[in-house]
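Inspection log for the structure reproduced underneath, given as structure tokens.
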Amino acid sequence: MTSLTVPARPDRDASLRPVPWQRMAWVTWRQHRVALAGTAALFGVAAVYLLITGLQIHHAYAAVAACHPAGKGICQQAANNFLSTYAPGVGPVLGLLQVIPALIGAFVAVPVLARELETGTFRYAWTQGFGRARWAIAKLTPLAVAVTAAAGAFSMLVSWYVQPLWGAGDNNGPLYPTIFDLRGVALAAWTLAAFATGALAGILVRRVIPAMFATLAACGGLAFATGAFLRGHYAAPLTSTNPDVNTHGAWVISQVWSRGGSPASLDMIRQTLHAIDVQALTPGLFQPGPATPPSIDPLHYLVQHGYTLLTTYQPASRFWAFQWIEGGWLLALSVLLIASTVWLVRRRAV
Amino acid sequence: MNILEASRLGKCYGRTWALRECTLAVPAGHVAALVGPNGAGKTTLLNLAVGLTAPTAGKVTVLGGEPAGSPAALDGIGFVAQNTPLYKNLSVTDMVHLTRNLNRRFDQRYARARLSELGIPLARKAGELSGGQQAQLALTLALARRPRLLVLDEPMAMLDPLARHDFMATVMTAMADEGVSVVLSSHVLAELERVADYLILMSRGKVQVAGEVEALLACHLLLSGPAAEADRYAEGLNVVHARRGRAQAHLLVRTNGTTDPVPLGWEAHRVSLEELTLAYLREPGAAALPGPESARYAAATEETK
């Protein structure tokens with residue numbers, strides 16, 4: 001074997017300058033470009049679908065919007081027809097879009113650390129001159145920014161997509177659970193939080209597939225808990241005992257009947273309404289029978305008979321306040337999770 | 001300058017000590033062989049030295065006092081881990097480019113020339129290279145960083161004899177041309193005997209022997225004589241390991257360098273590195289060291305505290 005001379009080593013530098021951050025740009029791009037392409041494809045496919053169906057919806061809505069006078073007679077009929085045609089299709093689409101943040105967390109963020117630990121390549125990566133904590137920061141930060149920005153752009157498309165339904169008077173307003181976290185800053189914030197969860201799961205679980213499942217479960221659980229238990233408390237909900245309170249577009253948290261200071265059961269309501277041949281299917285849904293006098297509104301009938309309807313709701317006007325609250329705590333959580341991840345990388349516990 | 005120093009170094013995983021009370025001082029300019037059975041703590045010691053793992057007890061410094069894992073230490077150490085982990089889906093060119101981006105210094109020309117000399121195709125994915133080629137690639141990447149210390153963990157475990165020879169030739173060339181200090185571990189002594197001039201013997205998480213090979217060989221003797229007299233004779237000696245046959249006994253003893261005359265009927269032989277190693281490995285309790293070097297070091301560090 002011929003010898004190949006290794007050039008003379010420079011003397012020890014007095015000031016050891018760290019490897020510049022921008023050198024990691026190529027590394028991160030080269031190692032995660034497939035994940036980024038997958039993210040782009042995921043958003044791309046969803047965007048194309050929203051664009052195609054959205055254009056149809058907007059086209060159909062143009063006729064409704066042009067009708068004059070709006071909200072009366074034939075125009076109301078046209079709006080109702082429009083809603084009954086398109087609203088049932090939009091619901092499942094919005095439901096499906098909910099999984100996007102969790103998917104990004106599982107497929108983009110988890111492998112950043114879990115794959116290194118699973119394949120043993122962390123022994124290579126973390127013994128290079130760049131330094132392991134800086135390496136983790138230089139990988140996680142640009143990826144987090146990229147997926148968050150993509151989600152932010154996508155959420156604008158979602159807003160455009162659902163606009164006609166509200167224009168036509170759809171009752172599910174902007175605070176409705178399946179649309180709230182797809183618009184404004186929420187989708188970007190949820191995507192960032194899911195990414196941070198995936199990164200942390202990667203270093204805690206150390207195996208790609210189990211960490212992916214952990215991420216999906218954690219993101220799903222957090223989103224559910226937020227919608228079910230947390231979001232309603234961002235501000236004290238409004239209450240009203242007026243049976244005609246306008247809750248259009250608002251997020252109605254509860255509507256409870258009471259009589260004489262104690263809650264009224266469905267049986268009590270049924271008994272009262274029996275007199276006018278109205279069936280109470282639920283405390284809020286009444287079906288008039290053939291003998292019901294047309295001039296009687298069951299709601300008012302109950303109020304006249306000593307019942308009180310207590311409506312608890314969040315008005316639609318609180319949308320942006322709620323968006324910033326949710327975006328704020330999700331951002332804080334994400335920073336905390338990513339900082340914990342970097343700390344775990346740095347801790348040298350391997 | 002000591003290229004690797006450990007002072008009462010320990011690492012505990014759960015309740016098991018993988019390494020305990022390890023005090024070492026390996027001077028620069030050696031090829032130091034870290035030998036011991038599987039589970040002796042070799043990988044743990046190396047992981048501590050390259051900063052992958054933080055110690056539970058004690059401390060470890062490299063390159064003349066740099067804390068392991070510090071920026072200066074990372075910068076000056078080329079490490080090839082066990083099973084030579086590489087990104088299997090990256091091409092050889094990408095691995096070169098990756099390593100260049102992750103380090104302050106990287107000799108691209110050296111890396112290219114070395115890879116073409118080895119006949120490693122640049123466009124091929126690292127995972128599709130043979131085991132020998134992967135090991136050579138990992139070694140080339142480590143050397144192209146122009147380290148002052150090269151740390152190799154079981155570098156030859158997966159290699160066939162020819163690949164082992166080529167691998168060690170690359171290491172020895174770098175050592176000769178560049179003065180790189182080398183610490184390499186193996187559970188097979190035979191492959192290190194030709195190249196190592198410093199020996200660290202480990203078993204059960206402890207360092208048993210550490211010293212320059214020449215000095216170690218000079219202060220050990222193999223005494224052979226009648227088995228009946230062995231016990232009486234051994235009393236005055238520092239016996240590392242005794243092997244008794246029916247008629248003959250063989251005592252591997254540590255001397256202080258001076259050769260006392262042997263009694264009638266006994267013969268003294270110089271020991272080979274393999275005999276020495278095996279004797280100590282068979283007697284894990286016979287921790288006849290730390291030798292003078294490391295003892296002095298330990299005393300020095302106590303004073304500086």
Count of residues meeting criterion [surrounded by fewer than 20 Cβ atoms within 10 Å (Cβ to Cβ) and within 12 Å of another protein chain (Cβ to nearest Cβ)] in the stretch B:120-145: 1
Among (1) touching a Phe, Trp or Tyr at 6+ places or on another chain (Cβ under 7 Å); (2) closer than 27 Å to residue B:6 by Cβ, the one test that residue B:191 misses: (1)
Whichever residue in the stretch A:155-213 is of a type in the set (Val, Ile, Thr) and at pLDDT below 95 and, among such residues, is farthest from the chain's Cα centre (by Cα): A:162
Pairs where the first residue, in the stretch B:252-267, is more than 10 Å from residue B:238 (Cβ to Cβ) and the second is modelled with pLDDT of 75 or more and in a loop (DSSP other than H, G, I, E, B), C-beta under 6 Å, 6+ apart: B:257/B:219
Single residue of the stretch A:57-98 satisfying the filter (without any contact (Cβ under 8 Å) to a residue 40 or more places away in the chain and in a loop (DSSP other than H, G, I, E, B)) that is surrounded by the most Cβ atoms within 10 Å (Cβ to Cβ): A:67
Among residues of the stretch A:246-262, those that are of a type in the set (Val, Ile, Thr) and over 16 Å from residue A:283 (Cα atoms), counted: 1
Residue in the stretch B:59-66 that is touching a Lys or Arg at 6+ places or on another chain (Cβ under 6 Å), in contact (Cβ under 8 Å) with a residue 40 or more places away in the chain and assigned to a strand (DSSP E or B) present: no
Positions within the stretch B:117-126 being modelled with pLDDT of 95 or more and either assigned to a helix (DSSP H, G or I) or among the polar types (S, T, N, Q) (or both), in sequence order: B:126
Any hit, the stretch B:154-166, residues being touching a residue at least 60 places away in the same chain (Cβ under 8 Å) and either surrounded by 21 or more Cβ atoms within 10 Å (Cβ to Cβ) or at positive phi (or both): yes
Index of the failed condition, residue B:89 passing every other in (1) in a loop (DSSP other than H, G, I, E, B); (2) in contact with an Asp or Glu (Cβ under 9 Å, 6 or more places away or on another chain): (2)
Residue list for the stretch B:211-238, filter: in contact (Cβ under 8 Å) with a residue 60 or more places away in the chain and either surrounded by fewer than 20 Cβ atoms within 10 Å (Cβ to Cβ) or among the hydrophobic types (A, V, I, L, M, F, W, C) (or both): B:212, B:213, B:215, B:216
The lone exception for residue A:234 - which of (1) aromatic (Phe, Trp, Tyr); (2) closer than 17 Å to residue A:94 by Cβ; (3) surrounded by fewer than 23 Cβ atoms within 10 Å (Cβ to Cβ); (4) in contact (Cβ under 8 Å) with a residue 24 or more places away in the chain it fails: (2)
Residue list for the stretch B:173-191, filter: out of contact with any strand residue (DSSP E or B) (no Cβ under 9 Å at 6 or more places or on another chain) and within 16 Å of residue B:63 (Cβ to Cβ): B:178, B:179
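For (1) over 25 Å from residue A:34 (Cα atoms); (2) surrounded by fewer than 21 Cβ atoms within 10 Å (Cβ to Cβ), each residue gets a yes or a no:
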position	(1), (2)
A:139	no, no
A:142	no, yes
A:146	no, yes
A:169	yes, yes
A:178	yes, yes
A:188	no, no
A:193	no, no
Pairs, first among the aromatic types (Phe, Trp, Tyr) in the stretch B:98-123, second assigned to a helix (DSSP H, G or I), C-beta under 9 Å, six or more apart: B:106/B:96; B:106/B:99; B:106/B:100; B:106/B:141; B:106/B:144; B:110/B:140; B:110/B:143; B:110/B:144
Out of B:25, B:40, B:33, sole residue that is surrounded by 19 or more Cβ atoms within 10 Å (Cβ to Cβ), part of a loop (DSSP other than H, G, I, E, B) and more than 14 Å from chain A (Cβ to nearest Cβ): B:40
Helices (runs of 4 or more DSSP H) wholly inside the stretch B:146-245 containing at least 3 residues that are more than 14 Å from chain A (Cβ to nearest Cβ): B:190-193, B:213-218, B:227-234
Cβ pairs under 7 Å, 6+ apart, first in the stretch B:67-89 and at the interface with chain A (Cβ under 7 Å from one of its Cβ atoms), second among the aromatic types (Phe, Trp, Tyr): B:81/A:124; B:85/A:124; B:86/A:124
Among (1) surrounded by 12 or more Cβ atoms within 10 Å (Cβ to Cβ); (2) at pLDDT below 90, the one test that residue A:329 misses: (2)
Residue tally, condition surrounded by fewer than 22 Cβ atoms within 10 Å (Cβ to Cβ) and within 13 Å of residue B:84 (Cβ to Cβ), over the stretch A:115-130: 3
Condition check for residue A:228: surrounded by fewer than 22 Cβ atoms within 10 Å (Cβ to Cβ), part of a helix (DSSP H, G or I) and of a type outside the set (Lys, Arg): yes
Counted residues, the stretch B:92-110 - those being more than 7 Å from chain A (Cβ to nearest Cβ) and part of a loop (DSSP other than H, G, I, E, B): 2
Residue match in the stretch B:11-21 (condition: in contact with a Gly (Cβ under 9 Å, 6 or more places away or on another chain), within 14 Å of chain A (Cβ to nearest Cβ) and either at negative phi or surrounded by fewer than 21 Cβ atoms within 10 Å (Cβ to Cβ) (or both)): yes
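Conditions tested, residue by residue: (1) modelled with pLDDT under 55; (2) at the interface with chain B (Cβ under 7 Å from one of its Cβ atoms).
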{"site": "A:1", "(1), (2)": "yes, yes"}
{"site": "A:14", "(1), (2)": "yes, no"}
{"site": "A:26", "(1), (2)": "no, yes"}
{"site": "A:33", "(1), (2)": "no, no"}
{"site": "A:36", "(1), (2)": "no, no"}
{"site": "A:39", "(1), (2)": "no, no"}
Strands (runs of 3 or more DSSP E) within the stretch A:239-350 that include 3 or more residues free of Cβ contacts under 8 Å to residues at least 40 places away in the same chain, more than 14 Å from every other protein chain (Cβ to nearest Cβ) and of a type outside the set (Phe, Trp, Tyr): A:278-282, A:285-288
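The values are calculated or read from the model by the stated rules, or taken from the named source; none is laboratory data. Here the structure is a predicted model, which means the values were calculated and not measured. Note: ideal-geometry Cβ built from the backbone for every residue, glycine included; neighbour counts use all protein chains shown.
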